[in-house]
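The values are calculated or read from the model by the stated rules, or taken from the named source; none is laboratory data. Bear in mind the structure is a predicted one, so any value in this text is a computation, not a measurement. For neighbour counting, all protein chains shown are included, and Cβ atoms are generated from backbone atoms with ideal geometry for every residue, glycine included. When the accessible area is computed, the model is the full protein with side chains, heavy atoms only, and any ligands, DNA or RNA have been set aside. Shrake-Rupley method; radii C 1.70, N 1.55, O 1.52, S 1.80 Å.
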Amino acid sequence: MRLYRILCVMVFAVILASCNSSKKVLYMQDVAVDVPEEIANMHEIKVQPGDKITIVVSCMEPKLAQVFNLMESTMRVGQQTSNYNYLSAYSVDKDGDIMFPVLGRIHVAGLTRTEISRLIEKRLVGDDLLKDPVVTVEFANLRVSVIGDVARPGTYSITNDRVTLFEALSMAGDLNVTGRRDGVYVVREDKGQRVTSRVDLRSADVMKSPVFYLKQNDVIYVEPNDTKAGQSSINENSFKSASLWVSIASLLTSVAVLIWK
């Protein structure tokens, strides 16, 4: 009878531990399912100093648009020089400007891709340079970095103007089971300032965070839990490893004493 009670207590303890562990790793535990919510803090990525963008101008008469396209036509491959046409990117200077053919200096910092397109189209028409221009703007160097307790830490290129924190984490293979869902940090540099924000992926409020939608050059850090952090210095010959086995042996001894007492 005593053995039966001990086994029941042990099983109950295991169940409680499992429930507690699941609460630590599940995402958005309090989310309202099938309930429409207004999207908060959604934004398109805006150009910043240091960014690189490509700008393509086209119109009904392609030859007239060529002068506005920043093209490179010669590339050296091995010992031979071959001709290739490839699009070169504009570098946004520290003042947020680019030097555009014919139009000269244009301030683009703080604008979205769409706003830059409309601005250049308006200038081309207003200066009577083109009648029907179509301007396409793309980012050339958008990236975010994911470090810490994830499957594949690294720097990842992004092409979408609206990239969420979850999308960036998925590119990095998601958090490891030992990564703290309540210890995810986003480091952001904006207008000469660096701000670090902490989010809790277990709460639906993560989608209301100002860092849920990422910006270029954001750095995401996932903190490991205490167990993972404690194991960082453990190896086969370490004192901690030996003490772990001593603790296990002690536990087994205690259980045996209770059973046979």
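Brief remarks on what is shown
- Selection count where residues are part of a loop (DSSP other than H, G, I, E, B) and modelled with pLDDT of 95 or more, scope the range 218-230: 1
- Only one entry in 77, 9 is at pLDDT below 70 and either open to solvent by 90 Å² or more (accessible area, probe 1.4 Å) or charged (D, E, K, R) (or both), namely 9.
- First in the range 139-162 and farther than 20 Å from residue 175 by Cβ and of a type outside the set (Ser, Thr, Tyr), second anywhere and assigned to a loop (DSSP other than H, G, I, E, B) and open to solvent by 20 Å² or more (accessible area, probe 1.4 Å), Cβ under 6 Å, 6 or more apart: 140/89; 161/44
- Qualifying residue in the range 124-140 (condition: open to solvent by 40 Å² or more (accessible area, probe 1.4 Å), part of a loop (DSSP other than H, G, I, E, B), farther than 21 Å from residue 60 by Cα and modelled with pLDDT of 95 or more): no
- The sole residue among 163, 177, 135, 144 that is under 15 Å from residue 218 (Cβ atoms) and touching a helix residue (DSSP H, G or I) at 6+ places or on another chain (Cβ under 8 Å) is 144.
For every residue, the table says whether it meets (1) modelled with pLDDT of 85 or more; (2) among the β-branched types (Val, Ile, Thr); (3) open to solvent by 50 Å² or more (accessible area, probe 1.4 Å).
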position	(1), (2), (3)
21	no, no, yes
30	no, no, yes
33	no, yes, yes
40	no, no, no
46	yes, no, yes
55	yes, yes, no
64	yes, no, yes
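- Applying the criterion of being surrounded by fewer than 16 Cβ atoms within 10 Å (Cβ to Cβ) and under 29 Å from residue 115 (Cβ atoms) to the residues of the range 171-195, the residue that is nearest to the chain's Cα centre (by Cα) is 189.
- Against the numbered list (1) within 30 Å of residue 220 (Cβ to Cβ); (2) surrounded by 14 or more Cβ atoms within 10 Å (Cβ to Cβ); (3) of a type in the set (Lys, Arg), residue 152 comes up short only at (2).
- Beta carbons closer than 6 Å, at least 6 apart along the sequence or on distinct chains, pair a first residue in the range 119-136 that is without any contact (Cβ under 8 Å) to a residue 24 or more places away in the chain with a second that is open to solvent by less than 80 Å² (accessible area, probe 1.4 Å) for 121/133; 121/135; 123/103.
- When residue 82 is tested against (1) at pLDDT 95 or above; (2) farther than 30 Å from residue 225 by Cα, only condition (1) is not met.
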